[in-house]
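Working notes, structure below.
The values are calculated or read from the model by the stated rules, or taken from the named source; none is laboratory data. Predicted model, so just to flag it, every value in this text is computed and none were measured. Glycine also receives a Cβ, built like all others from the backbone with ideal geometry; neighbour counts cover every protein chain displayed. SASA here: full protein model, heavy atoms, side chains in, ligands and nucleic acids out. Shrake-Rupley method; radii C 1.70, N 1.55, O 1.52, S 1.80 Å.
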Amino acid sequence: KGGNWPNAANIDPASFVDALFQTHLYDGNGGTQTITNDINLSGSGGLVWAKRRDSSTNGDHTLYDTVRGTGTNGRLRSNNNQQAYSPTDAVTAFNNNGFSIGADASINTNSAEYVSWTFRKQPKFFDVVTYTGNSIGGTTVNHNLGSVPGMIIVKNISGTGNWRVYHRGVDSSAPEDYVLLLNDTNERYDSSSFWNDTAPTSTQFTLGGDDDVNDHGDTYIAYLFAHNNNDGG
């Protein structure tokens with residue numbers, strides 16, 4: 001922040017990561033509560049990722065985003081391969097300063113301790129996109145990240161399937177040749193079936209034909225994280 005201070009034009013809070021990402025700790029109350037973290041999810045969109053900290057009971061990692069919304073297929077669990085499902089009292093609203101939750105045990109057990117990580121959509125920081133698979137290798141998906149992604153996480157939300165991860169650091173020369181699993185401990189492996197051995201660009205990423213990323217007729221969610229390439233954004 002201090003480095004931007006001399007420029008009086010830098011008054012947009014989106015210039016600072018504080019308005020785009022927050023780690024927030026809270027205690028469950030078994031009822032309803034509003035989590036205030038000063039992230040504008042209703043206006044800009046984004047992702048809430050929550051986890052119970054004090055016990056493995058109801059201890060899944062649960063993910064909610066503004067693209068899928070709070071209703072049908074509103075929740076994913078990153079520690080398994082299940083399709084998205086529809087809780088009625090988990091994240092109940094995305095607000096202009098955080099989010100609201102109900103009494104669902106995975107996110108608001110009474111007296112339990114939780115952590116939430118909230119990412120706001122913003123060019124050169126984070127984006128969320130959804131697409132329909134067609135099983136055709138070489139298919140491209142557009143995004144609005146405005147820079148080449150450093151990491152892409154993809155999940156089939158209409159069927160079972162592993163969480164597939166592209167990461168720029170997984171190989172020094174050709175990371176697009178490799179894939180990781182978020183919900184498993186497997187090492188990276190080389191396959192063109194996921195990213196078609198094609199590096200992502202500032203406007204799109206490319207799919208192979210594997211069911212986990214591109215099964216015909218299935219719906220997918222993709223979370224894209226930017227890499228700081230020192231271009232001023």
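Overview of values
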item	result
Under Karplus coefficients 6.51, -1.76 and 1.60, residue-wise ³J(HN,Hα) of region 152-158 in Hz, glycine/proline x	10, 10, 10, 9, 6, 9, 9
Amide hydrogen neighbours beyond the local backbone of GLY46, cut-off 5 Å, H modeled	THR66, VAL67, LYS121
Residue-wise HN-Hα coupling along region 113-130, computed from phi with Karplus coefficients 6.51, -1.76, 1.60 (Hz; x: Gly, Pro)	9, 10, 10, 10, 10, 10, 10, 8, 5, 6, x, 6, 9, 7, 8, 10, 9, 10
For region 76-87, Karplus couplings with θ = phi - 60° (6.51, -1.76, 1.60), whole Hz, Gly/Pro x	10, 10, 7, 9, 8, 9, 5, 5, 5, 9, 10, x
Size descriptor, Kirkwood hydrodynamic radius, that averages inverse alpha-carbon separations across region 98-233, Å	16.0
Sequence-distant residues sharing a close amide H with GLY150 (under 5 Å, placed H)	PHE225, ALA226, HIS227
Total formal charge among the other residues, if their Cβ is under 14 angstrom from that of GLY133, Lys/Arg +1 and Asp/Glu -1	-3
Kirkwood estimate for region 186-233, i.e. one over the average of 1/r between Cα atoms, Å	12.8
Under 5 Å, built H, 5+ apart or other chain: amide partners of ASN196	GLY208
Cα-derived Rg over Rh, computed across region 56-170 with Rh taken as Kirkwood radius	0.97
Radius 14 Å from Cβ of ASN97, net charge of other residues (Lys, Arg +1; Asp, Glu -1)	-1
For peptides 177-189, 211-223, 74-86, sequence by mean Cβ density within 10 Å, most packed first	211-223, 74-86, 177-189
Accessible carbon and sulfur surface of region 15-163 relative to its total accessible area, %, 1.4 Å	44
Kirkwood Rh in Å, taken over all unlike Cα pairs in the chain	18.5
Centre separation in Å (Cα based) which lies between region 66-140 and region 200-230	17
The chain, accessible area per residue, ligands and nucleic acids excluded (1.4 Å, Å²)	45
